[in-house]
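Everything on this sheet refers to the single structure shown next.
The values are calculated or read from the model by the stated rules, or taken from the named source; none is laboratory data. All of these numbers come straight from a predicted model, not from anything done at the bench. Quick reminder, even Gly has a Cβ in these numbers, built from the backbone with ideal geometry, and neighbours come from all protein chains shown.
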Amino acid sequence: MHVRARFFASYRELVGASELEFEVPPGATVAEALSRLRARDGGFGRLPTSVAVAVNREYATPDRGLEEGDELALLPPVAGG
Amino acid sequence: MHVRARFFASYRELVGASELEFEVPPGATVAEALSRLRARDGGFGRLPTSVAVAVNREYATPDRGLEEGDELALLPPVAGG
Amino acid sequence: MIRAEVVEDPIDPSVLLGLVGEDEDGAVLLFLGVVRDHNDGRPVRGLRYEAYVEMATEVLRAIADEAAGRLGTDRLVVLHRVGVLEIGDVSVGIAVSSPHRAEAFEASRHVIEEIKKRLPVWKEEEYADGNRDWVAGISPAPPPGGESP
Amino acid sequence: MIRAEVVEDPIDPSVLLGLVGEDEDGAVLLFLGVVRDHNDGRPVRGLRYEAYVEMATEVLRAIADEAAGRLGTDRLVVLHRVGVLEIGDVSVGIAVSSPHRAEAFEASRHVIEEIKKRLPVWKEEEYADGNRDWVAGISPAPPPGGESP
């Protein structure tokens with residue numbers, strides 16, 4: 001199935017893209033999707049081992065299961081305010 | 001010696017005056033001056049037994065000694081803000 | 001510049017904000033005490049503040065100086081209005097600014113809490129039924145230890 | 001009316017104040033986060049906020065709703081600006097009003113603290129020497145217990 005990854009701020013600069021659609025096995029978790037991303041060529045391998053993620057705009061834990069079309073956002077430490 | 005008493009808000013209404021110059025013995029304390037005031041005719045006797053006072057615009061305790069010309073203010077519970 | 005004044009004219013929040021905020025400040029906090037339409041369950045139509053103006057000015061300045069110590073800057077303005085006020089009128093305005101927010105919150109809170117405890121100001125409320133009464137206030141405590149002759 | 005928005009235009013404090021304050025409210029509190037000219041001892045010339053706008057809007061709304069619970073009223077507005085900002089520009093504005101002051105302070109503080117912890121917004125500073133860097137932020141924690149499939 002396909003999920004859409006989004007990258008922000010320093011992670012966006014690291015991977016050189018703000019968005020990427022990629023394939024994961026059906027029923028894959030957030031952790032598994034992140035492993036797939038890190039295995040890609042380019043800056044993906046330099047993404048931190050522990051990264052905050054949101055699935056469909058809500059913070060999610062690594063064991064969260066993904067579904068077709070989910071939006072998986074990789075979020076650097078936040079600095080608003 | 002002479003001191004000047006000032007009355008505010010409900011105390012002003014109680015005694016029917018905002019200011020009064022009156023005489024106290026030399027070296028009188030705040031407590032002694034208050035006793036003299038309460039002994040006067042009119043609403044003075046209805047002043048509370050415990051009353052906050054300021055001498056020369058600073059909060060003072062009953063044992064504070066007075067000097068000629070001091071300004072003794074009788075302050076109802078405050079309600080600013 | 002620390003400012004602390006008892007005023008008769010309306011308090012303008014924009015003016016207060018314009019008096020604080022330096023380039024090194026990351027936090028600005030404005031507190032407004034406003035005349036509300038009820039007190040202790042009674043509908044209020046308006047009110048009048050009476051002050052021992054000379055002393056209130058000194059006490060307000062002392063409170064401002066204490067708060068500026070907590071704030072860590074001299075960007076602190078506090079105005080307390082006296083006279084006749086209507087519902088929605090600002091009775092007290094406090095503006096502070098500082099590099100970090102924690103100090104701004106702490107200083108602003110200190111000013112309003114100490115005003116409630118120590119400022120020689122009294123409030124006479126006019127109720128919807130036309131009656132008037134002095135609001136039961138807080139007995140101001142003499143300074144710790146007091147002063148003896 | 002609770003309002004929570006991520007905005008690109010400058011934040012006007014007067015507009016925020018105009019959106020809160022009902023007749024029953026005795027306390028109005030306005031917090032402004034402002035771009036300051038230094039960070040961690042380094043002179044800052046300006047900065048740029050980047051946001052995950054869709055999510056930030058939802059998180060800001062959730063924070064506002066939580067804070068309104070503490071406030072006890074629906075008079076709460078919070079705006080967070082994104083894009084290029086200069087020294088002195090307002091990055092976040094929070095206005096609240098309530099019958100009593102304690103709730104106003106608590107709600108305002110809650111909003112800014114939670115923004116710092118959870119809002120998906122990032123800050124790139126431009127320093128006086130022309131260099132740029134992403135400000136080291138706070139790792140946003142997943143909700144307690146998280147979600148399992």
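Say we look at region C:1-14 and pick out the residues that are modelled with pLDDT of 95 or more and in a loop (DSSP other than H, G, I, E, B); which of these is surrounded by the fewest Cβ atoms within 10 Å (Cβ to Cβ)?
Ranking the qualifying residues of region C:1-14, first place goes to C:Asp9.
Of all the strands (runs of 3 or more DSSP E) wholly in region C:60-126, which have at least 1 residues that are under 11 Å from the mean Cα position of the chain (by Cα)?
Counting at least 1 such residues, we get C:76-81, C:90-98.
Hey, among the residues in region D:29-51 that are crowded, with 24+ Cβ neighbours inside 10 Å and more than 12 Å from chain A (Cβ to nearest Cβ), which one's nearest to D:His80 (Cα to Cα)?
Looking at the filtered set, the residue picked out is D:Leu30.
Touching a residue at least 24 places away in the same chain (Cβ under 8 Å), more than 7 Å from chain A (Cβ to nearest Cβ), more than 21 Å from D:Glu22 (Cα to Cα) and out of contact with any strand residue (DSSP E or B) (no Cβ under 7 Å at 6 or more places or on another chain), is that true of D:Glu106?
Spelling it out, it is not the case that D:Glu106 is touching a residue at least 24 places away in the same chain (Cβ under 8 Å), more than 7 Å from chain A (Cβ to nearest Cβ), more than 21 Å from D:Glu22 (Cα to Cα) and out of contact with any strand residue (DSSP E or B) (no Cβ under 7 Å at 6 or more places or on another chain).
In this structure, does B:Pro26 turn out to be in a loop (DSSP other than H, G, I, E, B), under 22 Å from C:Pro120 (Cα atoms) and at pLDDT 95 or above? Break it down stepwise before answering.
On the way: in a loop (DSSP other than H, G, I, E, B): yes; under 22 Å from C:Pro120 (Cα atoms): no; at pLDDT 95 or above: yes.
Considered against the rule, which asks whether it is in a loop (DSSP other than H, G, I, E, B), under 22 Å from C:Pro120 (Cα atoms) and at pLDDT 95 or above, B:Pro26 comes out as no.
Would you please name the residue that is farthest from A:Ala9 (Cα to Cα), looking only at residues in region A:41-81 that are more than 12 Å from chain D (Cβ to nearest Cβ) and over 12 Å from the mean Cα position of the chain (by Cα)?
A:Glu68
If you go through region C:52-63 one residue at a time, do you hit one that is within 14 Å of chain B (Cβ to nearest Cβ), modelled with pLDDT of 95 or more, surrounded by 24 or more Cβ atoms within 10 Å (Cβ to Cβ) and in contact with a Gly (Cβ under 8 Å, 6 or more places away or on another chain)?
yes
For (1) farther than 15 Å from D:Ala141 by Cα; (2) at pLDDT 95 or above; (3) not small (Gly, Ala, Ser), each residue gets a yes or a no:
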position: A:Ala31; (1), (2), (3): yes, yes, no
position: A:Leu34; (1), (2), (3): yes, yes, yes
position: A:Leu37; (1), (2), (3): yes, yes, yes
position: A:Phe44; (1), (2), (3): yes, yes, yes
position: A:Tyr59; (1), (2), (3): no, yes, yes
position: A:Gly65; (1), (2), (3): yes, yes, no
position: A:Glu68; (1), (2), (3): yes, yes, yes
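If A:Ser50 satisfies all but one of (1) over 19 Å from D:Ile138 (Cβ atoms); (2) modelled with pLDDT under 95, what's the number of the condition it fails?
So A:Ser50 meets the others, but not (1).
What is the residue count in region D:15-51 for residues that are within 19 Å of D:Val111 (Cβ to Cβ) and not in a loop (DSSP other than H, G, I, E, B)?
14
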